[in-house]
Amino acid sequence: MAARARTRPRPTRTERAPRARKRKSQLSLDSLNRPEVLGTLAAVAALVVLLFVPDVRTAIADGRDGVLRKLGLGVFVVLGWTLLGAIAVWRRWYQRGGRFWRKTAGVVALGLFAWGLLALNEADWSAGSVMFKEVSLGGQAGQRMVDGFFGKLAWLGVLILAASLLAPTATRWVAVNVPMWMEEGWRRRYPHRAASAMARWFSFVLRKPGLNREEVIIGAGGFERIVPMRSGPIEGTPVVFRPSIDAASPSSTLGTGAAATFTSVVVAEPPAVIGDLAVPEAADEDGPDEPQQLGLELGLNRSGWQLPALEMLNAPIPSIHRKHDNAARAQLIVDTLASFGVDATVVEINEGPTVTQFGVEPGWEVRYKDVQLREESGKTLLTADGRPRTERVETARTRVRVNKITALQNDLALALAAPSLRIEAPVPGRAIVGIEVPNDSASVVTMRAVMETKEFQDLARKSKLALALGKGVSGTPVVADLAKMPHLLIAGATGSGKSVCMNAVIAGIMVNATPDDVRFVMVDPKRVELTAYSGVPHMAFSEVIVDVDKVVGVLQAVVGEMEARYKKFANVAVRNIDSYNKHPRILIKLPYWVVIIDELADLMMAAPFEVEKLICRLAQLARATGIHLVVATQRPSVDVVTGLIKANFPTRIAFAVTSQTDSRTILDTGGAEKLLGRGDMLYMPTDAAKPIRIQGVYVSDTEVERLVEFWKDERFSALAPEKADELLERALAEANGGDAIIDVDTDDPVVEKARELTLQHQRVSPSLLQRRLKVGQLKANRIIEILEDEGLVGPREEGESRRVLVGTPDGLA
């Protein structure tokens, strides 16, 4: 290997300095000697010399005037394009590919828009002999660019093209969000309020400097935010409190794990209204609407209501480990069916909170035939013992009939040691037969567990009447919208879970809706189920109706509200409550009304004809007005759940009942008699051919107390809406004072029949006349008064019963 050559020693700093200065001077001289630099200097020198020649200056001036007349100030746009083009060539931007050409097209489009904008201005300016008032600032070319309607339309299109090419992301965001903001602004600010809105905006921007903003913490739904806010409330504006739920605090007046602290927030007064229409307000120079703007920034309700947090409800309970092995039970089902000659296979297992559904796929019934084997010559083949040789051939193959599986229901229950089975044949939308076997212990489905699911959250964003019903046999949450039902009929025996289901309906709406959104009308003849909700601001009337004598008046009051709403719809030419609330002229929105009747059987016994007529009328007409019925009964017989009532309640829920007849009365099919109780129910929606088995949600009394205490808190006392007690009192007065409403002549044939009926009894009552004469309650009361005036019956005794004064059961005295 050759030795490495010896390198020269590196020069010192003093030796390198002269060489560096020499290189710099050499580079500067080389740059001056480049051809393009020398050519540019020569061209500039030639132009300077030509400017001092008289004829040349005149030619240049004429050329300048011609260019300005043709292009106007758009010549600067052309100059800008030229400079950008030179820079692009110098910096070699054209090598960047498609991005460069997209940006270039955007710059050209932006320049054309600026050129057209200059052409719209005919200023009284001049340059040389050119008057821009005649040709506009954009020159003749610019005038042609924006000439006519289509020219201006194309000019605006060039702006959109430039924006989409230069800033595609920002343009897409503006195209998506601005139309929505404009639509909301149009609804919120009707044209006759535009001036007031502009004045308030300027007052907000030009507010006095003495009002500083500071950071405050607001609790909303269990989550805390830091938002800007004024240092103090404005005089004359109310202060409300927002709850901030501390899930870790054990000291809570609302229950363990749901402690609440409250922070004051300024909320603006709502604008003055006359009826349901908005009245413009004058803007104040102090900017009093700024707290209202703050409320909009927070996303809070204008009225100041705050929804309770889900932490007030009990936390989900983990599922219980099952004692039985589902795989072993599935094999037992297959073996039991096979022992009876039924070929089937378990293809899926769905474990729910109460029952486990085994999906059974029916097998095949195969028929065979023994055929003798023959040689080619036709001679029969024989075995070694001299018998004809045969072969079994399949002749037919058919599916196992579903009724063969359903007929073995009791045998399957015996084999599985189950108290009862329910067979769903077939499962809707599936080619299987569902065999539902009860679990050893039912899991508790809490309301919070269903309300935290994505299905309920998506529905709650669309509707204020979202209901969390429970979980299906496969453990999937089942939710529904009361507005689409539109009425709900619930039936079940005592202790089956009917009252808990009604509490779940009420509690679910109270968690999701404010009193401005939903009002309740509650009728509780048993006096123990719904009285806990008395005093909450959601109540349409001041009390829960517990007196059966007031029920007819209550229903008449709801009918009066329905008719009044239809008149309001006619005034603004809308068809339903949703269109009415979205109308731009309407400021005060109508709330939904939910009429809850706990025991229909008691009402049908007191006044069957009036109650049935009013309930059916509401069920037929009240949907469009936002009034919905939830009716429950523990005796689903044909005299309580009549055909007319059942026809107007397409959505029904059946809990455990005592007989198949009751199940057919409520669902038009059997199955409810085999339910397990304690929330196990069959849900029949309007869009389903068969009922769905659900384990209903459980709402404890403690959870109800928390919600009621939350809504009855003092911080909401100033926000409580006005009650409709006047409407109820007027309806009760009409129901009790029938003579002022119903005028019955003494010669009326109905009165004559009433006399004959009275002489056949020792005591009579208005309900007796209603049942026998087929008249309403008001007319029956009036007939009783006529009979009292004639001396046939005595004064009122023992409730509504009257003693017959003349005659005996056998005839006249």
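The values are calculated or read from the model by the stated rules, or taken from the named source; none is laboratory data. Predicted, not measured: the structure shown is a model, and the values here were computed from it. Heads up, the Cβs are rebuilt from the backbone with ideal geometry, glycines too, and the neighbour counts pull from every protein chain shown. When the accessible area is computed, the model is the full protein with side chains, heavy atoms only, and any ligands, DNA or RNA have been set aside. Shrake-Rupley method; radii C 1.70, N 1.55, O 1.52, S 1.80 Å.
Determine the sum of side-chain charges near Gly85: Lys and Arg each +1, Asp and Glu each -1, restricted to other residues whose C-beta is under 14 angstrom from that of Gly85.
Result for the neighbourhood of Gly85: +3.
Could you order Ser499, Ser534, Ser126, Ser136 by accessible surface area, starting with the largest, using a probe radius of 1.4 Å? Could the numbers behind the result be given before it?
Details: Ser499 25, Ser534 50, Ser126 75, Ser136 0 Å².
If we order Ser499, Ser534, Ser126, Ser136 from most to least accessible, we get Ser126, Ser534, Ser499, Ser136.
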Requested in this report: Kindly rank 79-92, 483-496 from highest to lowest mean number of other beta carbons found within 10 Å of each residue.
Outcome: 483-496, 79-92
Query - Point-to-point label distance, Gln331-Ala564, nm (Cα→Cβ direction, 7 Å offset) - result: 7.0 nm
Requested in this report: Amide H neighbours of Phe520 under 5 Å, at least 5 residues apart or on other chains, H built in the peptide plane: list them.
Outcome: Met539, Ala540, Val594
Requested in this report: Would you mind checking the range 424-454 for residues with the amide N under 13 Å from a putative spin-label position 7 Å along Cα→C-beta of Glu348?
Outcome: 427-435
Query - For the range 640-750: Kirkwood Rh in Å [reciprocal of mean 1/r, alpha carbons] - result: 19.0 Å
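Would you mind putting 760-773, 568-581 in packing order, based on average other-beta-carbon counts within 10 Å, highest first?
Numbers: 760-773: 18.0, 568-581: 14.9.
Output ranking for 760-773, 568-581: 760-773, 568-581.
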Report task. Provide the per-residue ³J(HN,Hα) series for the range 429-435, in order, calculated from phi with Karplus coefficients 6.51, -1.76, 1.60 and θ = phi - 60°, each as a whole number of Hz, with x at glycine and proline positions. Result -> x, 10, 8, 9, 9, x, 10
Query raised in the report: With contacts defined as alpha carbon pairs under 8 Å and 6 or more residues apart, what's the relative contact order of the range 630-733 in percent?
Result: 18 percent
Query raised in the report: What FRET efficiency do you get for Ala718 and Leu156 if R0 is 41 Å and r is their Cβ-Cβ distance, rounded to the nearest 0.05?
Result: 0.20
Report summary line: Counting only protein heavy atoms with a 1.4 Å probe and every protein chain in place, the carbon and sulfur fraction of the accessible surface of the range 473-616 in whole percent equals 52 percent
Query raised in the report: Taking 0.36 nm per residue of separation and subtracting the Cα-Cα distance, what length does fully extending Thr702 through Arg397 add?
Result: 103.8 nm
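For a Förster distance of 25 Å, can you work out the FRET efficiency between the beta-carbons of Ala338 and Lys369, rounded to the nearest 0.05? Mind showing how you got there, number by number?
Numbers: r = 23 Å, r/R0 = 0.92.
Approximately 0.60, to the nearest 0.05.
Where does each of 458-468, 109-119, 380-390 land if you order them by average Cβ count within 10 Å, highest first? Kindly include the intermediate steps, with their values, before the conclusion.
Working: 458-468: 18.9, 109-119: 21.3, 380-390: 10.0.
In decreasing order of mean packing, 458-468, 109-119, 380-390 become 109-119, 458-468, 380-390.
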Report summary line: For the range 588-659, the per residue accessible area (1.4 Å probe, Å²) is 32 Å²
Query raised in the report: For Ala105 and Thr40 in one chain, what is 0.36 nm times their gap in residues minus the Cα-Cα distance, to one decimal in nm?
Result: 20.4 nm
